[in-house]
Amino acid sequence: DVKVTQSSRYLVKRTGEKVFLECVQDMDHENMFWYRQDPGLGLRLIYFSYDVKMKEKGDIPEGYSVSREKKERFSLILESASTNQTSMYLCASTKLAGLHNEQFFGPGTRLTVL
Amino acid sequence: SQQGEEDPQALSIQEGENATMNCSYKTSINNLQWYRQNSGRGLVHLILIRSNEREKHSGRLRVTLDTSKKSSSLLITASRAADTASYFCASGGGADGLTFGKGTHLIIQP
């Protein structure tokens, strides 16, 4: 059974803190993604990675960075958390860059920045 | 920017009825996917329809695609309480991620 896991379901942090969100997939997928989901805005792509140590900016990368040191793990980093980064964060993965590949999502991390 | 726009934003129907949701998109696509999200959880892939397909079925789900109108519809037949969720259309799916619509929130009344 395919699985994408995220390190926390709920997280509360203070403004200015450095925050790490971890995502692990056990499907040997090459591509991994971080989205954030906000009411009225839907899902928006923050960063993605198509290989170890490779990363590409998505639509809203400002205030975020990522790390992909191992194929199965993709980390999202908030260097200095701000209240406007309060959101639901969703990680996803997919196999090689095919045109017809579904994405597998983790359960999400609801982050609150006070 | 959002590629897909779902319509309606919210839909409430009685259990057993059929639910239809629509999605419109702006640019050309290779495929269109539908996902379901239960409250506060991750997304689950439901069905993918390719640009050269017009209709696809999976269990109680029926998806249509009209590339001339840049629109797709998702029909859930004989709805159940467990179908209560948000439904998203998405396009892309290659190495650079999916572009999602804002979703239709479906409520099935018992």
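The values are calculated or read from the model by the stated rules, or taken from the named source; none is laboratory data. No experiment lies behind these values; they were computed from the predicted model shown. All Cβ positions, glycine included, derive from the backbone under ideal geometry; neighbour counts span all protein chains shown. Note: accessible area is taken over every heavy atom of the protein model, side chains too, but ligands, DNA and RNA are not part of it. Shrake-Rupley method; radii C 1.70, N 1.55, O 1.52, S 1.80 Å.
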Given unit charges at Cβ for Lys, Arg (+) and Asp, Glu (-), the dipole magnitude of the protein assembly as shown about its Cα centre in debye, nearest 20, is 180 debye
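Please find the FRET efficiency linking residue B:9 to residue A:73, where r is the Cβ-Cβ separation and R0 is fixed at 41 Å, and quote it to the nearest 0.05. Please list the in-between numbers first.
Working: r = 36 Å, r/R0 = 0.87.
Between residue B:9 and residue A:73 the formula returns 0.70.
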Would you kindly find the accessible area of residue B:39, with a 1.4 Å probe and non-protein molecules such as ligands, DNA and RNA excluded, rounding to the nearest 10 Å²?
120 Å²
Which of the three applies to the range B:31-71, rounded, prolate or oblate, going by the alpha-carbon gyration tensor with a ≥ b ≥ c and a/c under 1.5 meaning rounded?
prolate
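Taking only the Cα atoms of chain A, how large is their convex hull per residue, in Å³?
In chain A, the Cα convex hull volume per residue is 99 Å³.
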Given Cβ point charges of +1 (Lys, Arg) and -1 (Asp, Glu) and nothing else, what value in debye, to the nearest 20, does the dipole of chain A about its Cα centre take?
300 debye
Excluding residues fewer than 8 places away in the same chain, name every one of the aspartates and glutamates whose C-alpha is closer than 13 Å to that of residue A:18.
A:79
Of all accessible surface on the protein assembly as shown at a 1.4 Å probe, what whole percent is carbon and sulfur?
48 percent
Past 30 Å, Cα to Cα: identify those pairs from A:57/B:56; A:71/B:70; A:53/B:56; A:13/A:71; A:3/B:102, in the order given.
A:57/B:56; A:71/B:70; A:53/B:56
In square angstrom and rounded to 100, what buried accessible area do you get between chains A and B, total over both, with the probe at 1.4 Å?
1900 Å²
Within the set of other residues whose C-beta is less than 12 Å from the C-beta of residue B:102, count the net charge using Lys and Arg as +1 and Asp and Glu as -1.
-3
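Considering Cα pairs under 8 angstrom that are at least six residues apart, work out the relative contact order of chain A and quote it in whole percent. It would help to have the intermediate numbers written out before the result.
Details: 301 pairs, mean separation 41.1, N = 114.
For chain A, the relative contact order is 36 percent.
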Using a 1.4 Å probe on the heavy atoms of the protein chains only, list every residue of the range A:43-68 that has 30 Å² or more less accessible area in the complete assembly than in its chain alone.
A:43, A:48
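If the protein assembly as shown were replaced by its equivalent ellipsoid, with semi-axes equal to the square roots of 5 times the Cα gyration tensor eigenvalues, what would those be, largest first, whole Å?
Working: eigenvalues 174, 80, 47 Å².
They are 29, 20, 15 Å, listed from largest to smallest.
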With a 1.4 Å probe and all protein chains in place, put A:14, B:54 in order of accessible area, largest first.
A:14, B:54
Two-site label geometry, residue B:66 and residue B:38: point separation in nm, points 7 Å out along Cα→Cβ:
3.4 nm
